[in-house]
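Below is one structure, written out as structure tokens, with a few remarks after it.
What follows draws every value from the coordinates through simple rules; no lab data is involved. Owing to the predicted nature of the structure, the values given are computational and were not obtained by experimental measurement. Positions of Cβ are backbone-derived with ideal geometry, glycine not excepted, and every protein chain shown enters the neighbour counts.
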Amino acid sequence: MTKIYDANSVEKLSFREGVRKRVGMYLGSPDMEGVYNGLFEIVSNSVDEAIVGFGKEIIIKVSKKYASVQDFGRGIPRGPKGEDPEVLITLLTESHSGAKFSDDNYARVRGLNGIGSGATCCSSDKFIVITKRDGFEWSLIFKEGIPQTKTATKGKATKETGTFIEFFPSQNVFSTEPIEIDFEVVSKRVKDMSYLLPGITFKIQNIDSKEERKFFSKNGILDLLDDVVKEPLIKTNIGYTSSDKDNTVEVALRWSKKGHYEKSYIFVNGAECPDGGSPLTGFKTAITRTINKEFKKSFNGDLVRRGLTYIIACSVKNPLFANQTKTKITNAELRGLADKAFVEAWKEFSLRNPKEVELIKEFLSKEDKAEQAAERARNAIINSVKEIDIATQKKTYNVEKLKDCLTHGLESTLLICEGDSASGALKTARPIENVALYAIQGKIINAKTNPMEKVLDNEEVKDLIKIIGAGIFERFNEKKMNFGKIGMAVDADADGYNIACLIMVLFDTIMPGLIEGGHLYWLKTPFYEINQGTNTFYFETEEELKQWEKQNSGKKFTIKRNKGLGSLSEKAKKDGIFNNPDSLVKLNMSDIVLAKQQLENLMGENVEFRKDFIYKNIDFSKIIG
């Protein structure tokens, strides 16, 4: 029977009921992100007090299930107003109620919608507010958004002012995952906030572990820039502040030596706006136009911002946000202010630092060449599929040195082999269904020391990009990989170790997502082969061999030491490698860090040190253990 849908079907929810049933509409998300947004709605109120000059310290305490915020501002207003017996209840339980709509009290604040703190209160199991003002402490307790008394309770006399709020987010409201407030997440947001409020001290305490942290910035967003840019291309921070009667936009930027990625921080009245908005549009337009004019180039905007970290901090009298969670600001006037701020910042910087301007020009020109090489590589991927076999639906790649397998996917493996000899030796023993082989000749190009355009123009690099099929840099797509495992099949000697390090550094440079996704492996090969009657045993290290010999003392056996993959018997290749589930060892980022260090030792300019290192210090267990 169809349910009747008429005027009687219409429901009207109170603000409290709306928050508790649809918390995502008010705090952005029904999960932990919503909990954090609720916390920072309260923090934002304390920040607003600091912005207008009341209180130089904010204390935040965090436990897994609850949090508190204390400031030393003027205290939240309380008492009767007209027919309303307690304005404090109104502020925390009704939408669009607050003291920030008038220009008189708050000039430039974030919390202008009159919803945030009320949403936090109504989404809590328990919410306690203590306001110090008018010579006394006044307290009020809410349970599930319902005040437990009709007015605030008068407490002890005090000369102090400020607000203390403690709340317990409700698991019944935030029901998509267990509530567990992460101290590190809160700490990171508080740290970012401190850069926007130079001169204000933030103290954050972990109630469970007793850990305390303090954040204070003297130079504002310039301190943030120094903190986040670890390998600066230039020594000088580029920055400028542009203002009109009601608004101020400050920009700060610096390029990093590590290209391919840009990082941005957009703030409005002390809170982050991750989706940017009008000031971001103005900044991007200005930097592309100005840089191309300065260098007489036609770089696209993405390339101009390659390796760039930039911060845009806006102080806005009447901020207009695109959504309730205030992640994107839309004030049209901010676009022009951000444009002007960058233009003036660049003008001042370029006049005083001509040598650093040349460094930026050289860096962007190299990145442009690298991008052109990357585009050629991407086109090569598109053109690499020569045909589709109608019977098997298998892609056939136009790569001469590839011995492909019959099926591609997560269960397939690509082994990068040290030369044709190793590839030929493994070809006869591999499971052709899901193991492909690709041979490199000698040492693959060093991605650490060569220009990116040269790396991407290397034939073997282009082949690997084609074969793997998932793209490079920020366009790498793990889901498009033709093979779930990429293995390095090299000899267990100094040369093999060197080649493996080069392969690791190459993937870390052009496909870091491949390593982060756990797709890079080291193929352990049986260095020692023991024959004892009808039994054969395989060992990768001398330590394993000695341990076996000790356990089999007095017994007869023969030992064969394999020089490399090419010297393995057919039985050793099948049983010691392809039928051995432990032969492929997954590598992680710590292995890559070690590979970079070892590569410097193996291929650095100090020849005597390198020779000594190779013969005395190579420990394969560190890279494959």
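The table below gives the values:
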| read-out | value |
| --- | --- |
| Of all DSSP beta bridges in segment 221-352, antiparallel share, percent nearest 5 | 75 |
| Computed over segment 153-220, the ratio Rg/Rh where both radii use C-alpha atoms and Rh is Kirkwood | 1.07 |
| Contour excess over end-to-end distance, with Cα ends at Thr241 and Asn579 and 0.36 nm allotted per residue | 115.1 nm |
| Fraction of antiparallel bridges per DSSP, the chain only, in percent to nearest 5 | 70 |
| Rounded FRET efficiency, nearest 0.05, which uses the C-beta distance separating Asp182 from Gln148 and R0 of 22 Å | 0.15 |
| Per-peptide average of other Cβ atoms within 10 Å, ordering 532-539, 462-469 highest first | 462-469, 532-539 |
| Sites Glu83 and Ser264, calculated FRET efficiency, Cβ-Cβ separation with R0 56 Å, nearest 0.05 | 0.70 |
| Charge dipole (debye, nearest 20) of the chain; +1 at Cβ of Lys and Arg, -1 at Cβ of Asp and Glu | 200 |
| Tally of Lys pairs whose C-alpha atoms are under 25 Å apart, taken over segment 191-268, 8 or more apart or cross-chain | 22 |
| Placed amide H near Ser217: partners under 5 Å, 5+ positions off or other chain | Gly199, Ile200 |
| Stretch gain in nm, segment Glu17-Glu211, where the contour uses 0.36 nm per residue and the Cα spacing is subtracted | 66.2 nm |
| Residue-averaged 222 nm ellipticity for the chain, from DSSP H runs of 4+ at -39500 (n - 2.57), nearest 500 | -11500 deg cm²/dmol |
| Amide H within-cut-off set for Val490, under 5 Å, with H built and near neighbours excluded | Leu523 |
| Unit charges at the beta carbon, dipole of the chain: most positive-side option, Ala119, Asn269, Phe527 | Asn269 |
| Principal-axis tilt of helix 354-384 within the chain, Cα atoms, nearest 10 degrees | 60 |
| Cα-only radius of gyration and Dmax that characterise segment 452-588, units Å | 18.3, 60 |
| Inter-label distance, nm, simple model (7 Å from Cα along the C-beta direction), Lys191/Ser175 | 3.6 |
| Inter-label distance for Met589 and Ile559, nm, one decimal - labels placed 7 Å from Cα along Cα-to-Cβ | 4.1 |
| Within segment 207-242, trypsin sites (Lys or Arg not before Pro) in DSSP loop having at most 14 other beta-carbon neighbours inside 10 Å | Lys210, Lys218, Lys230, Lys235 |
| Cα point-scatterer Debye curve for segment 221-352, base-10 log of I(q)/I(0) at q = 0.20 Å⁻¹ | -1.18 |
| Rg in Å to one decimal, and Dmax rounded to a whole Å, for segment 254-306 via C-alpha atoms | 12.5, 37 |
| Net length gained if the chain between Lys427 and Arg289 were fully extended (0.36 nm per residue, minus Cα distance) | 44.2 nm |
| Cα lying deepest toward the dipole's positive end in the chain, options Ala341, Val129, Gly419, charges on Cβ | Ala341 |
| Quarter of Cα convex hull surface for segment 15-215, i.e. mean projection, nm² | 10.8 |
| Which label in (1) 263; (2) 225; (3) 274 gives the computed volume of the Cα convex hull per residue in Å³ | (1) |
| Under DSSP loop assignment and at most 14 Cβ neighbours within 10 Å, longest GluC sites (Glu not before Pro)-free interval of the chain | 212-399 |
| Surface/4 of the Cα convex hull for segment 118-235, nm² | 10.9 |
| Loop-located chymotrypsin sites (Phe, Trp or Tyr not before Pro) in segment 305-378, at most 13 other Cβ atoms within 10 Å (DSSP) | none |
| Rounded FRET efficiency, nearest 0.05, which uses the C-beta distance separating Ile141 from Glu459 and R0 of 60 Å | 0.25 |
